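Visitor: One structure coming up, written as structure tokens, with questions to follow.
Where a number appears in this text, it was derived from the coordinates with a stated rule and is not lab data. Note that this is a predicted model, so its numbers are computed, not measured. Backbone-built Cβ (ideal geometry, glycine too); neighbour counts: all protein chains shown.
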Amino acid sequence: MSVFGEGVGRICAVVAGSTAAEMAEQVGCALKETKTVEVRLDWLRSDAERSRFLNWLKTSTPKKATFLATCRRREGRGKLAGDVDRELYWLMQAREAGCQWCDLEVETLRKLPDQSVREYPVPPRVLLSVHDFERTPVLPRSVSPPAHGGADAVKIAAKANTIADSVRLLKLARRSKNFVAIPMGEAGLPARVLALREGSALAYAPVAEATAPGQVSLEEMTHLYRAHALNRRTRVYGVIGDPVGHSLSPLLHNTGFVARHLDAVYLPFLVHQLGDFLAAVPEFGVRGFSVTLPHKQTILKHLKECEPLAAEIGAVNTVMVRSNGSLYGCNTDYVGALRSLEKKLRIKGSRALIFGAGGSARAAAFALKRAGAVVAICARRETAAKELARAVGGEVVPRRALRGEHFDAVLNATPLGMHPHDGISPLAPGELHCRIVMDLIYRPQRTQLLKIAAKKGIATVSGVEMFLAQGMAQWEIWTERRAPEAAMRRAVLGALRAEEKSRQRA
């Protein structure tokens, strides 16, 4: 058993605010989700606020909760100005306030007499922490608390620049007792979620503002990913892309898993190089994954088999990992594009322009062609546009000709206008002469392109419809069950509405 207990208590909520009132409020939120809380005393803006908060904590600490005090100095990327004595003073005050644990950086330990903290009345249990905000260093085969330093557990928090970095840190967690593994950075996010499963004593999650790069919020860690409930039998799925932080696929798929009571989790993998991710597939136990920009075409060379339609399209957005480790690819973007557009347009006999020539554009082009449309391609890369037009028996329309061309439908299959670059439109008002405009981007739900189209009186189709259709098709391929469509749709639309309201308030 972990020194921090089992279950949800191994998720450590990080409380960090500039005032005692903010910290107290965050503690209340934290204790609704977990019983383990780190209080970042260095984030408080003054000694008066630190005293005020610790006095509150002393009279308000729930008996069954575990509090870990951290007062990191600026030398260790914290906010406390001053020397080691000042840090130790506040950790001693934290003990008086009821904190059972403290986090002590290795830099502080090295400056103490005999490199031991036991001469000081700090909280009785000590987590010795090592941080590297630039890279994942060479790691030992195993880590155990150094008895001479008086530590009860050891934490290594290191920047994962690749997925392979995060795998190395998780391997250390498997071999070490009373060890906390923290892969930092976006590339390390999946390993952060899976760390408890791999043997890490704790996983950190902020209640409010992130205190380290790549942190997952407490709400997401406990409800979206359910990190405390994952085990070696949990089926792992994910989305690979660059960028991938904007994706709502984790919300879509994890909502489905919860609704159908499946022991599975879906994670976002930031993938710069496909080989980096593919090498980690067996390490993480990945059973299937979605593929997004820029890997939809390059993934083909890594597949053992591919469904004929995906091979014809020349792009894959869905991969299954078979029991022998081989990869099988298919394409559900095709289904998503068709289902979204046919609700508003009689496709057979129509003339449709696809703006773009990448993986999503290829899926949409083949879908429209098979449904009986005449397809035109306009893309920045002339060679790619000609190749795609030839593949679907369509035509190439140069950008300069758009102002004089008329179509039944125009589809944007480029990432232009995607969050966080919401104010950009790939096409100008004078280039839209059509009955319907569909944007394959779903975040934001109403892109600048769709706003321009609506202003001109043109019917619009949001990319969220394609996103939902293709995602649910993926979910059903992997689980071999019917997707809980209502729950998945409600979750995604709710998130998009909340995001829109947040932007309006800002």
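Visitor: Compute log10 of I(q)/I(0) for region 250-359 with the Debye formula, placing one identical point scatterer on every Cα and leaving out solvent, at q = 0.09, 0.24 Å⁻¹, to two decimals.
Guide: -0.30, -1.42
Visitor: Projected area of region 372-426, taken from the Cα convex hull and averaged over every viewing direction, in nm²?
Guide: Details: hull surface 18.3 nm².
Mean orientational projected area (region 372-426, Cα hull): 4.6 nm².
Visitor: If you line up the Cα atoms of region 1-146 on their principal axes, what length do they span on each, largest first, in Å?
Guide: Principal extents (Cα only, largest first): 40, 36, 31 Å.
Visitor: For a protection proxy built on the mean count of beta-carbon atoms within 10 angstrom, sort 352-361, 287-296 highest first, please.
Guide: On the way: 352-361: 26.8, 287-296: 23.1.
Highest-to-lowest ranking by the protection proxy: 352-361, 287-296.
Visitor: Bin width 10 Å, alpha-carbon pairs only: give the P(r) of region 396-506 as whole percents, running from 0 to the bin holding the largest distance.
Guide: So the P(r) values, bin by bin, are 13, 39, 30, 15, 3.
Visitor: Express as a percent, rounded to the nearest 5, the fraction of DSSP beta bridges in the chain (both residues included) that run antiparallel. Don't skip to the answer; put the middle values down first.
Guide: Working: 8 of 75 bridges.
Expressed as a percentage, antiparallel bridges in the chain total about 10.
Visitor: Along its three principal axes, how long is the chain when you only count alpha carbons? Whole Å, largest extent first please.
Guide: In descending order, the Cα extents are 83, 50, 38 Å.
Visitor: Mind giving me the FRET efficiency for Leu309 and Glu500? R0 is 30 Å, r the Cβ-Cβ distance, nearest 0.05 is fine. Numbers along the way, then the final one.
Guide: Numbers: r = 35 Å, r/R0 = 1.16.
So the FRET efficiency works out to roughly 0.30.
Visitor: What does the highest-first list of 320-330, 487-497, 10-20 look like by mean Cβ count within 10 Å? Before the final figure, lay out the partial values.
Guide: Numbers: 320-330: 15.0, 487-497: 16.5, 10-20: 22.5.
The peptides rank, most packed first, as 10-20, 487-497, 320-330.
Visitor: Rounded, prolate or oblate: which fits region 199-258, taking a ≥ b ≥ c as square roots of the Cα gyration tensor eigenvalues, rounded meaning a/c under 1.5, else prolate when a/b beats b/c?
Guide: On the way: a/c = 1.60, a/b = 1.08, b/c = 1.48.
Taking the square roots of the gyration eigenvalues as a ≥ b ≥ c, region 199-258 is oblate.
Visitor: If you don't mind, there's one more thing I want to ask. Mind putting together the pair-distance distribution for region 258-323? All Cα pairs, 10 Å bins, whole percent per bin, short to long.
Guide: Histogramming region 258-323 at 10 Å steps yields 17, 52, 26, 5 percent.
Visitor: Answer rounded, prolate or oblate for region 114-229, using the Cα gyration tensor with square roots of eigenvalues a ≥ b ≥ c: rounded when a/c is under 1.5, else prolate when a/b is larger than b/c, else oblate.
Guide: Numbers: a/c = 1.79, a/b = 1.43, b/c = 1.25.
In terms of gyration-tensor shape, prolate.
Visitor: Relative contact order for region 334-462 using alpha-carbon pairs under 8 Å, separation at least 6, rounded to a whole percent? It would help to have the intermediate numbers written out before the result.
Guide: Details: 250 pairs, mean separation 27.4, N = 129.
Computed over region 334-462, the figure is 21 percent.
Visitor: Determine the calculated [θ] at 222 nm for the chain from helices alone, applying -39500 (n - 2.57) to every DSSP H run no shorter than 4 residues and normalising by the residue count; nearest 500 deg cm²/dmol.
Guide: Values: 15 runs with 171 residues, N = 506.
It comes out at -10500 deg cm²/dmol, rounded to the nearest 500.
Visitor: Counting pairs of alpha carbon atoms under 8 Å apart in space and at least six apart in sequence, what relative contact order in percent does the chain give? Kindly include the intermediate steps, with their values, before the conclusion.
Guide: Working: 1061 pairs, mean separation 44.6, N = 506.
Relative CO of the chain lands at 9 percent.
Visitor: Here is a further query. Mind pulling up the Rg/Rh value for region 334-462? Radius of gyration and Kirkwood radius, both on Cα.
Guide: Values: Rg = 13.1 Å, Rh = 14.2 Å.
Across region 334-462, the Cα-based Rg/Rh ratio is 0.92.
Visitor: What FRET efficiency would be calculated for the residue pair Asp263, His406, taking the C-beta separation as r and a Förster radius of 51 Å, to the nearest 0.05? Don't skip to the end; give the middle numbers.
Guide: Details: r = 53 Å, r/R0 = 1.03.
Efficiency, rounded to the nearest 0.05: 0.45.
Visitor: What is the dipole size for region 26-158, taken about its Cα centre, with +1 at each Lys and Arg Cβ and -1 at each Asp and Glu Cβ, in debye to the nearest 20? Write out the running numbers ahead of the final one.
Guide: Values: 23 positive and 18 negative charges, 92 e Å.
In debye, rounded to 20, region 26-158 gives about 440.
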